[in-house]
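Colleague: Okay, here's the structure, questions in a sec.
The values are calculated or read from the model by the stated rules, or taken from the named source; none is laboratory data. Since the structure is predicted, the reported quantities are computational estimates derived from the model, not experimental observations. Backbone-built Cβ (ideal geometry, glycine too); neighbour counts: all protein chains shown. Ligands, DNA and RNA are excluded from the accessible area calculation, which covers all protein heavy atoms including side chains. Shrake-Rupley method; radii C 1.70, N 1.55, O 1.52, S 1.80 Å.
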Amino acid sequence: MAPATSDNLGFLGDLIDRALKAGADSADAIVADSVALSVSQRLGKPEKLERAESSDVELRVLIGRQAAIVSTSDRREATIAELVDRAISMARSVPEDPYSGLADPEQIASSFPDLDLNDAAEPEAEGMIDYARRAEEAALAVSGVTNSEGAEMSWGRTGISLAASNGFSGAYTRSSRGLSCAVIAGEGTAMEVDYDYTTAVYAEDLDPAEDVGRRAGERAVSRVGGRKVNTNRVPIIFDRRVSSSLLGHLLGAINGAAVARGTSFLIDRLGQPVFAPGITIIDDPFIPRGHRSRPFDGEGLAPRKMSIVDDGVLTSWLLSLRSARQLSLAPTGHAGRGAGSPPSPSPANFHMAAGKTTRSDLIGGVEQGLLVTQMLGSSISMTTGDYSRGASGFWIENGQIAYPVNEVTIAGNLKDMFKAITPADDLELRTGVDAPTLRVDGMTVAGR
């Protein structure tokens with residue numbers, strides 16, 4: 001698949017012109033061209049080899065404050081003509097939305113930074129299978145590993161082209177690669193599963209396959225013999241693999257659409273302390289080779305690096321044009337976009353800055369507590385902040401890992417938890433939403 005090109009922008013310009021001639025007051029359109037390849041193997045035998053390609057076109061038209069979105073994967077002339085007619089007909093039949101509308105011309109991005117988001121090398125299936133094989137072999141070589149759930153390698157490339165009647169026109173291409181491996185340790189009812197993974201934009205930035213497999217195996221073995229613990233109120237250490245989930249809950253609470261609906265537990269906290277002093281949370285769309293980097297947002301606005309939480313204080317919501325208008329605020333360039341749905345707030349590379357304490361010192365300061373390495377299920381109220389999740393990990397005694405723990409529930413309230421966070425210094429930007437190891441004091445562990 002070719003990267004996002006001027007051909008797509010020319011096609012979108014023609015599509016918008018047709019919509020305007022058909023009766024739209026304004027319009028924008030997007031093309032997403034994607035190709036993906038994935039392979040997997042289990043116990044040395046290939047299990048999957050899949051390749052998929054798609055090309056989706058989305059047209060949004062506005063007649064006054066009436067808006068409609070239609071999409072297709074067929075670019076034939078008859079289909080495009082029908083697409084335009086259907087969009088106009090739908091827009092005329094829906095109620096007005098006082099907050100809809102494109103960006104003003106002075107709001108749109110006029111220059112696009114080169115963020116190095118596309119690894120031009122397309123992998124061969126044989127090389128991907130070999131990478132997965134090496135990971136699984138390394139995992140199975142760990143003493144105590146008894147079986148495998150397999151290893152999977154994936155690659156994808158997506159070209160995004162966006163144009164609008166307000167004068168915006170831009171395109172970029174991003175690629176991604178990932179490897180995961182999961183294995184089993186123990187026997188019978190004492191079996192435990194664990195995993196590891198690596199993801200990157202460029203192949204050269206992936207962790208070695210052998211390291212991924214070895215970590216998966218060691219983690220599975222370390223979980224064998226898990227116990228339950230007594231219900232207690234103790235500090236909880238969120239391992240780096242799960243700590244980003246707390247940022248996910250924060251993202252839900254600062255999403256401008258949720259704030260406008262009144263469904264955020266932080267609705268009245270803008271400009272006030274939400275975390276402990278010294279905590280900084282950054283959204284940065286300009287990290288080279290970043291997992292969620294982007295030169296413009298889904299509405300053609302220029303994004304910017306922002307400290308969403310600065311020294312513990314919540315400084316901004318994440319706002320699309322619509323949510324910004326609802327809240328009488330300026331948009332922040334955070335509109336994301338999916339085929340067939342309107343733009344909505346979405347982060348770029350969102351992460352909590354590293355602290356000054358090592359992970360080992362963070363654990364070493366806990367007399368009794370829980371190191372959480374996996375989570376399952378959830379009961380979380382985004383209106384009140386009440387938090388309850390199933391968890392497993394390791395019990396801490398006198399600053400040392402004592403034994404594995406499973407079948408417990410951890411509970412608290414996110415408003416209290418945020419203010420009780422202490423970050424370690426081990427931040428890695430691995431997924432696009434990232435946090436270092438975190439200590440949260442005063443939570444409840446419910447066990448036996």
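Colleague: Over the chain, what is the relative contact order in whole percent, taking alpha-carbon pairs under 8 Å and six or more residues apart?
Modeller: That works out to 15 percent.
Colleague: With runs of 4+ DSSP H residues as the only contributors, calculate the mean residue ellipticity of the chain at 222 nm using -39,500 (n - 2.57) per run, divided by the residue total and rounded to the nearest 500.
Modeller: My calculation for the chain gives -7000 deg cm²/dmol from helical runs alone.
Colleague: Any chance you could look up the accessible area of Lys305 with a 1.4 Å probe, heavy atoms only, rounded to 10 Å²?
Modeller: 120 Å²
Colleague: Another question, if that's okay. Between the stretch 102-176 and the stretch 390-432, what's the alpha-carbon centroid distance in Å?
Modeller: 29 Å
Colleague: Taking amide H positions as placed in the peptide plane 1.01 Å from N, state which residues far from Thr437 in sequence (5 or more) or on other chains have amide H under 5 Å from it.
Modeller: Arg240, Ala424, Asp426
Colleague: Another question, then. Can you tell me which of Ala24, Ala52, Ala411 moves the most in a GNM of the chain? Springs connect C-alpha atoms under 10 Å apart.
Modeller: Maximum among the listed residues: Ala52.
Colleague: Once Rh is set to the Kirkwood radius over Cα pairs, what Stokes-Einstein translational diffusion coefficient, in µm²/s, holds for the stretch 1-108 at a temperature of 25 °C and a viscosity of 0.890 mPa s?
Modeller: 154 µm²/s
Colleague: Counting only heavy atoms of protein chains, what accessible area per residue, in Å², does the chain have with a probe of 1.4 Å?
Modeller: 42 Å²
Colleague: Which FRET efficiency, nearest 0.05, do Asp310 and Asn230 yield, Cβ-Cβ r, R0 41 Å?
Modeller: For Asp310 and Asn230, the calculated efficiency is 0.55.
Colleague: Let me check I've understood the local charge: for Arg294, count other residues with C-beta under 14 angstrom from its C-beta, Lys and Arg +1, Asp and Glu -1. What total comes out?
Modeller: 0
Colleague: Output needed: percent of Cα pairs per 10 Å distance bin for the stretch 51-179, bins running from 0 to the one holding the longest distance.
Modeller: Spelled out per bin, shortest first, that is 10, 24, 24, 19, 13, 9, 2.
Colleague: Any idea what diffusion coefficient the stretch 61-124 gets from Stokes-Einstein, in µm²/s, Kirkwood Rh on alpha carbon pairs, 10 °C, 1.306 mPa s?
Modeller: 104 µm²/s
Colleague: Could you tally up the Lys pairs in the chain with alpha carbons closer than 29 Å? Skip any pair fewer than 8 positions apart unless they're on separate chains.
Modeller: For the chain, qualifying lysine pairs total 7.
Colleague: Further question on the same structure: I'd like the orientation of helix 125-140 relative to the chain: the angle between its Cα long axis and the longest Cα principal axis, in ° from 0 to 90, rounded to 10.
Modeller: Relative to the chain, helix 125-140 is tipped by roughly 20 degrees.
Colleague: Treating only the Cβ of Lys, Arg, Asp and Glu as charged (+1, +1, -1, -1), what charge dipole size does the stretch 14-127 show about its Cα centre? Round to the nearest 20 debye.
Modeller: Charge dipole, the stretch 14-127, about its Cα centre: 540 debye, nearest 20.
Colleague: Once the Cα atoms of the stretch 289-448 are picked out, what are the Rg and Dmax in Å?
Modeller: For the stretch 289-448, the Cα radius of gyration and maximum Cα-Cα distance read 18.6, 54 Å.
Colleague: If the chain between Ser73 and Glu96 were fully stretched, how many nm would it gain, using 0.36 nm times the residue separation less the Cα-Cα distance?
Modeller: Gain in length upon complete extension: 5.5 nm.
Colleague: I'd like the projected area of the chain, averaged over all directions, using the convex hull of its alpha carbons. Report it in nm² with one decimal.
Modeller: 22.5 nm²
Colleague: Report the Cα centroid-to-centroid distance between the stretch 228-274 and the stretch 332-389 in angstrom, as an integer.
Modeller: 7 Å
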